[in-house]
1. Just want the answer: with Cβ charges of +1 for Lys and Arg and -1 for Asp and Glu, which residue in A:Q399, A:V599, B:F115 is farthest toward the dipole's positive end in the protein assembly as shown?
2. So, R0 is 51 Å and r is the distance between the beta-carbons of A:S469 and B:E39; what FRET efficiency does that work out to, to 0.05?
3. Work out the charge dipole of chain B with +1 on the Cβ of Lys and Arg and -1 on the Cβ of Asp and Glu about the Cα centre, then indicate which of B:P373, B:S588, B:V291 is farthest towards its positive end.
4. Which shape class applies to the stretch B:506-595: rounded if a/c is under 1.5, otherwise prolate when a/b exceeds b/c and oblate if not, where a ≥ b ≥ c are the square roots of the Cα gyration tensor eigenvalues?
5. Residues of the stretch B:233-259 losing 30 Å² or more of accessible surface, assembly versus chain alone, probe 1.4 Å, please list them.
6. May I ask you to report, in nm to one decimal and beginning with the shortest, the distances from A:N384 to the same position in the other copies, taking label points 7 Å along Cα-to-Cβ?
7. Work out the P(r) tail for chain B: percent of alpha carbon pairs separated by more than 37 Å, whole number.
8. Skip the ligands, DNA and RNA, and give the accessible area per residue of chain B with a 1.4 Å probe, whole Å².
Number of protein chains: 2
Amino acid sequence: MFSRQSLRLFSSSVQRSAKTKLKHKMSAAQATNAEFSREALESVLKRRFFFAPSFEIYGGVSGLYDYGPPGCALQANIVDTWRKHFVLEEDMLEVDCTMLTPHEVLKTSGHVDKFADWMCKDPKSGEIFRADHLVEEVIEARLKGDKEARGIKVEEVEEEDDQKKKRKKKVKEIKAVKLDDETVAEFETILAKIDGFSGPELGQIMIKYNIGNPVTGDPLEQPVEFNLMFETAIGPSGQLKGYLRPETAQGQFLNFNKLLDFNNERMPFASASIGKSFRNEISPRSGLLRVREFLMAEIEHFVDPENKSHANFDSVKDLEVSLLSKEVQQAGKTDILKITIGEAVKQGIIDNETLGYFVGRIYKFLVKIGINPEKMRFRQHMSNEMAHYAQDCWDAELQTSYGWIECVGCADRSAYDLSVHAAKTKEKLAVREALKEPITVEEFECNIEKKKFGPLFRKDAPKVEEWLSSRTQCDLENLAKELETKLKITTKIPGIDAENVEIPGELVKIEKKRKTVHIREYTPNVIEPSFGIGRIIYSVFEHCFWTRPEDSARAVLSFPPLVAPTKVLVVPLMNNKELQDATKEVKSVLRKAQIPFKVDDSGASIGKRYARNDELGTPFGITVDYDTIEDGSVTLRDRDSTLQVRGALADVVAAVQNITYKGISWEEGTKNLTKFESKSDE
Amino acid sequence: MFSRQSLRLFSSSVQRSAKTKLKHKMSAAQATNAEFSREALESVLKRRFFFAPSFEIYGGVSGLYDYGPPGCALQANIVDTWRKHFVLEEDMLEVDCTMLTPHEVLKTSGHVDKFADWMCKDPKSGEIFRADHLVEEVIEARLKGDKEARGIKVEEVEEEDDQKKKRKKKVKEIKAVKLDDETVAEFETILAKIDGFSGPELGQIMIKYNIGNPVTGDPLEQPVEFNLMFETAIGPSGQLKGYLRPETAQGQFLNFNKLLDFNNERMPFASASIGKSFRNEISPRSGLLRVREFLMAEIEHFVDPENKSHANFDSVKDLEVSLLSKEVQQAGKTDILKITIGEAVKQGIIDNETLGYFVGRIYKFLVKIGINPEKMRFRQHMSNEMAHYAQDCWDAELQTSYGWIECVGCADRSAYDLSVHAAKTKEKLAVREALKEPITVEEFECNIEKKKFGPLFRKDAPKVEEWLSSRTQCDLENLAKELETKLKITTKIPGIDAENVEIPGELVKIEKKRKTVHIREYTPNVIEPSFGIGRIIYSVFEHCFWTRPEDSARAVLSFPPLVAPTKVLVVPLMNNKELQDATKEVKSVLRKAQIPFKVDDSGASIGKRYARNDELGTPFGITVDYDTIEDGSVTLRDRDSTLQVRGALADVVAAVQNITYKGISWEEGTKNLTKFESKSDE
């Protein structure tokens, strides 16, 4: 099966079935950070212009967001870290392919036919609903109403909506109506299986339970498939249909031969790509988690199907990760297995070393950019979630106030992608490997009496020949049997009108022959780690956000210095000529050291200025005061602890550099500087 | 006038009129690099997979290219340099806005109506031609034929086509047909003015000179406008029409208020954006110079219209640049003025300091990434090229084998963009500045007898009121005069059907009043430097390409180390265990220093391995040999001179770091290392 969910990367839906079930089973401690308020975070993100709805002065467009300066810098730093962590450290071949993609390519990949959601229309109002979401929400509301009617206290589940004013939930009010026990049980079953229904099945549920427009009650049309790709026409004739790519992967597959050549024909190797992709969501919500245009970073690691070991596996094998295996989920459980990657591969929980290696690398990357490892797990796809060709798939899921969010997919896609494009274009996408020792193989060979083909098949002769020559070993084995028993081959041949073509035995000979082979030719398998950068950024926001215990209005975004939008806030004690000159010197030294900084020489108090920048996640503050003029020393403040140290400007800048770019701790980095007692935040 | 050419950034056309004329007037030395062979360059770019046509195994799509690993790394390094040079050094506010843009926004900006080229169709074959290109090519071919017929030697002008096999020139063969002198003169005039014709004018030329399908001679339909934006539908209803943005600027304008707020209401400031834009070219050619999807980097510098000085102007004022002013061009000349920016602004050649400042910054950026300053000039837009609202505009043009190519636009767009969006959305996009001293102003005020409006105008009353209240000071002055003389106002009001509306004098009073004002409110002007990264990259290829005099088959791409895709090639003398261990050590030190490198441990000779990497533009080679095992020393090779020095690994890596990232010269950077005599390239 080739469902939308089983396409590579996360399904763009916040994965529901598993999650919905899990939400209720998580321990309280796991489930919520008692201190965390999404409202407070959103207020900071908006006020500091981390991001905002696009085209807001025109009323906005759902699912489209712009990143403002701090969001844009955070994103650039995360992308830069990704590039260093994966592309540079691992010698990957980065490519930049176009977003515009012609129809034929995405037809071959399967996206034209299968990359769709089910929607249904209200014929009266013209409103359009995504069928699975509608059924889910209406049934959840009815279950809630039932509980109210039974006098059971209803737990408040937080709204998924970040733009409350604009886009209300479809079901506006919960009516306290008691349901019979049987219906309650049926509803619960439907919710648990909500991701698995086909469109017609959703339609039947809507009829059976009378689910219509949740506001007016009017009946809806039956669900129809809606392809999620944005369509456009390339060139002036309008005849070359194209789409905006739904993922960056196809460009990498299509360039396989060039990449293999660039890599001097050596295997295994990986390509990588960072760029925007597009999905025309039916009704996007959940802020940055479900958008119509988003940044992806994808790796295609091409590997010998007979040898999925990884040269650097040792570097991750002792890393302990949290796994949620398919067996556990299929048994209806959610128990996390804490296990080293080495052990997981050894026990066959993770299919192979290369997949395990990337699980480890993904873990390390996410921790490096500010993800809380306690809120990260790897969930294996269940058998019915995966495409038929996929070997194994693990999603890195991050825990947020929206539940566990799929942020990185890591799939072993076997040889599927290269095979379909090769079959369609007749371009070989394969590796030829010189064997160390030649080997002897037995293979079926098909020989034909070419000169008899013309007289018998006339204009169809080339088609019959081509058909015979393109049979696989397995086909040939069957045809050999057919010839043996029936002395002829009877078959339908594409492109020939006749119902059946008969090929007499005297025209064709199929025999097994022994051959000595010096070259092994194979289609590589693909291991694909695929990152949704926007979702990761949102998770970083949640994991790094807290408020100071002494004052809940003072919010802090504790980004790791490496990815923080700005590294240093320079704060002159007063805005006067003397300190301006000293500040200029600080700026020039920071600029020379290529450390991104901002100056705040406004009249606000030092404490206020630092508070403002704690919200921007700036890890360091440098205060310029009258002693700076005297002896060239400055004060360095740590964002998280508000501790201060003092030293010569050059030493302070060196400390900032070491902590930011070399990953040294604050304690270690500032050990040669003097503790400074006056608190900066007063 | 708001022609396509006058829209911001370069017209996507390789600018013709001016250029075509110039081609003939350039001195031979300026016009061609005798050594340069585009064919040799293209062969290297293809072989080393700098870039390639997208979807090549599917037959390709014109105007779409993928960057392979070295092209992608070069692009990433150029973008990174751009970000440091402009965004970080100048404290710009970078934003990342969506490419999907709703119809209404681009309707307001003018793109829906005016961002078009003229095309004409062959009704018989269905072929589509871009009208101006067709007329130009046919006339050029006829002029060439005329010269042949007259026995005049025709100078070979290089083909603009990089995919010769696929897309031949429209005019396949030159027929030696003599024209009468009058026609020759007319043709030359047409060529000189080719950019200035409207569609109907082009149509008339086609009829008059019988220009049809150049292959069959069949007549073509009259030119029709073809909008160059890719259209799509946002959301499932298909009713929200959208486009892929043709430039990144609109997102910056729409976020103006948020950016001003982020900047603590301080002026002037600049926003910046790096991202893909799209233009559905009618028939793209010229390789990377005219593509349908391309990377742009744009700056919008918002400035007080009454004060366009720039705080850092001094840093560029002594820089000498090559200017081609509009006066010179309008006089039909092409004389380059070599002048300092300070002098050019002083003399009023460049309109203001801010514009001059950016001309200087653009110059410095381009030189930093490998552009030859001798092949760079700034061409001022002529009056008929500029939009009516534009104050001044200078294009950085780079000389290539295709002629002078517009690569960076630098325009003073006045208050146009903010004004149109503010007018459309009723959202104020303006700066409010507290005046140091309150001032007294005389302003017209319009007071109406509101209660009399209803009875007289009925349902139109609100429209009349709104019309009156939205008049400018200048409008009010005229209306006051009209009231004085005619005792009523007679006008057409948008939204009211009546031909004219009469507003009697007793309902409205317009008087000049004195007011004390504490706040000055103004719409900022925008200075917009706009970079076409793909065109710049192509120019860098040409400017950095050469072949070794001793062997023209040995090509070199002399990228500055800062932007070179890879900085170091590590070459072990032999591929054996001993040297493998030493190589591992070199790799680990380079990785720690975050220097991008590659290892070539193939069996090829050292010379061959270096030659391969000269083509990739890798500036340094480190050779690992048996002495490395003895004393830890390595050899460092310079790509351009093939000179070698030797020293301890740590010192060699430090030299690489200093030369690459601190801009130190090879001589200075290696002065403490020992000269090494054996030539690496043998």
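1. Positive-most Cα among the choices belongs to B:F115.
2. Details: r = 38 Å, r/R0 = 0.75.
FRET efficiency, A:S469 to B:E39: 0.85.
3. So the residue we want is B:V291.
4. Numbers: a/c = 7.08, a/b = 2.81, b/c = 2.52.
Judged from the Cα gyration tensor, the stretch B:506-595 comes out prolate (a/c at least 1.5, a/b above b/c).
5. So the qualifying set is B:I234, B:G235, B:P236, B:L244, B:L254, B:N255, B:K258.
6. Counterpart label points of A:N384 in the remaining copies fall at 7.2 nm.
7. On the way: 116697 of 232221 pairs.
Of the Cα pairs, 50 percent sit more than 37 Å apart.
8. Working: 30050 Å² over 682 residues.
For chain B, the solvent-accessible area averages 44 Å² per residue.
The values are calculated or read from the model by the stated rules, or taken from the named source; none is laboratory data. Since we're looking at a predicted model, the values are computed, not measured. Here Cβ is always computed from backbone atoms with ideal geometry, including for glycine, and neighbour counts include all displayed protein chains. For the accessible areas, the whole protein counts, side chains as well, though only heavy atoms, and no ligand, DNA or RNA atoms are used. Shrake-Rupley method; radii C 1.70, N 1.55, O 1.52, S 1.80 Å.
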